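Below you'll find the structure, written out as structure tokens, and then a few comments.
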């Protein structure tokens, strides 16, 4: 009886198993379906897009509306902005205002504009501007001009010391007065204006300082008036006069010199001695031919001279209050440079210093007869490391041109309506490419061969044409 019961149970189990197996075969199996980007939660999609570069982001934008909207998220472009600066530690993009005040579109514009200009310099064989604008301006109102970092703002200085600005991102260019005239305009005099712009892009990018040097040349001649010799201003002057030289004392020449002023100390001095010019200054004589100079971190000053490049430690140079420095003694004692590099320079053009915190160095660019050079100077001279001069690109030139150098690119031109754009890499750049040389020609007359402004971040160039009608020419090379 027990045996029969077990046999029945076995048959029941077998039957149940067969039924379950049949049912399992009849029921459709659930296969996992692939999930696309459009099905992902927005926060997950945002994190994935942060792993992409800007080119992939633009490709996604062309797929569908959902992904196109997702690529316009501000967090994505903050990430790409920071990624761009990581690739350019010595020449990062700077913001005029805190990041939170920028929209995603504004950050996208800054990132793509720089990337576009960079690709053009590196990959093109012919330089074609995306946009060229012309702004009428008298030569007397454009004696000097400068592009502020980022390429949006153009400063122009007139022969009387007034400074105006133009917003080059605006659709219509409008000149607005920033600083009023510093001296009276005299028709029979020649005015020479030099302007330098200095900004602390790291700690206070929303402000900058302007330094101006104004020189007025008045022609004087002797005339007879009632049998007496008197002086009077001449009614004519050779308007092609450019060079300013030379000072003499008796039969001896007076050397040129560099004066370094701590304006905070000068301000304190002026509080107790209003109008006095005898504030402390560090003075470095350096021969007869003025060159160029740059103040560097670490109490250093770099001079371009007729014999090459010299670096001085300002702490080792005597401070004086003489105006001008007292060089009346027979033998002038020139301070000894801490480093010098003899080289024949084509021009005294010297880039502004680029502070590279990843290597703790200052870097500058200059031009010799046959090459464009980079100069690497340690910020801390106490470490005993020597400055280095490297060749960034070969460029054999036999005549002077107007140069403006950025960290990885530059512009040069002479009086012909033609721009030469340069692209070069440093040995430790993240992406090292062979140097490139592009040329583009423009319609119109001759340009002022002494002035040129170039902003590497925006791919924007400004030159001046002194033909009728005289005008500023603004050229954009970024393709956005």
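Observations on the model:
- Flag: residue 140 matches the condition of being at pLDDT below 85 and more than 20 Å from the chain's Cα centre (by Cα).
- Of all residues in the range 97-117, those satisfying the criterion of being closer than 10 Å to residue 78 by Cα and surrounded by 15 or more Cβ atoms within 10 Å (Cβ to Cβ) are 102, 104, 107, 108, 111.
- Pick from the range 418-441, criterion in contact with a strand residue (DSSP E or B) (Cβ under 7 Å, 6 or more places away or on another chain) and outside any strand (DSSP E or B), ranking: modelled with the lowest pLDDT: 435
- All told, residue 79 falls short of being without any contact (Cβ under 8 Å) to a residue 24 or more places away in the chain and either more than 18 Å from residue 460 (Cα to Cα) or exposed (fewer than 14 other Cβ atoms within 10 Å of the Cβ) (or both).
- The number of residues in the range 466-477 being assigned to a strand (DSSP E or B) and over 19 Å from residue 118 (Cβ atoms) comes to 4.
- In the range 450-465, residue modelled with the lowest pLDDT [restricted to those that are in a loop (DSSP other than H, G, I, E, B) and surrounded by 17 or more Cβ atoms within 10 Å (Cβ to Cβ)]: 451
- Among (1) free of Cβ contacts under 8 Å to residues at least 24 places away in the same chain; (2) part of a loop (DSSP other than H, G, I, E, B) - the single one residue 445 does not satisfy: (1)
- One residue alone among 412, 401 is closer than 18 Å to residue 350 by Cα and at pLDDT below 85, and that residue is 401.
- Counted as qualifying within the range 343-400 are the strands (runs of 3 or more DSSP E) with 3 or more residues that are under 18 Å from residue 294 (Cα atoms) and in contact (Cβ under 8 Å) with a residue 60 or more places away in the chain, namely 354-356, 361-368, 371-378.
- For the range 309-319, the criterion of being farther than 24 Å from residue 380 by Cα and either modelled with pLDDT of 85 or more or more than 25 Å from the chain's Cα centre (by Cα) (or both) is met by no residue.
- Condition met for residue 140 (more than 30 Å from residue 425 (Cα to Cα), outside any loop (DSSP other than H, G, I, E, B) and in contact with a helix residue (DSSP H, G or I) (Cβ under 8 Å, 6 or more places away or on another chain)): no
- Residues within the range 408-417 that are assigned to a strand (DSSP E or B) and over 19 Å from residue 472 (Cβ atoms), tallied: 2
- Flag if residue 395 is out of contact with any helix residue (DSSP H, G or I) (no Cβ under 8 Å at 6 or more places or on another chain) and either surrounded by 22 or more Cβ atoms within 10 Å (Cβ to Cβ) or farther than 24 Å from residue 194 by Cβ (or both): yes
The values are calculated or read from the model by the stated rules, or taken from the named source; none is laboratory data. These numbers were taken from a predicted model, which means no experiment stands behind them. As a convention, Cβ positions derive from the backbone with ideal geometry for all residues, glycine included, and neighbour counts pool all protein chains shown.
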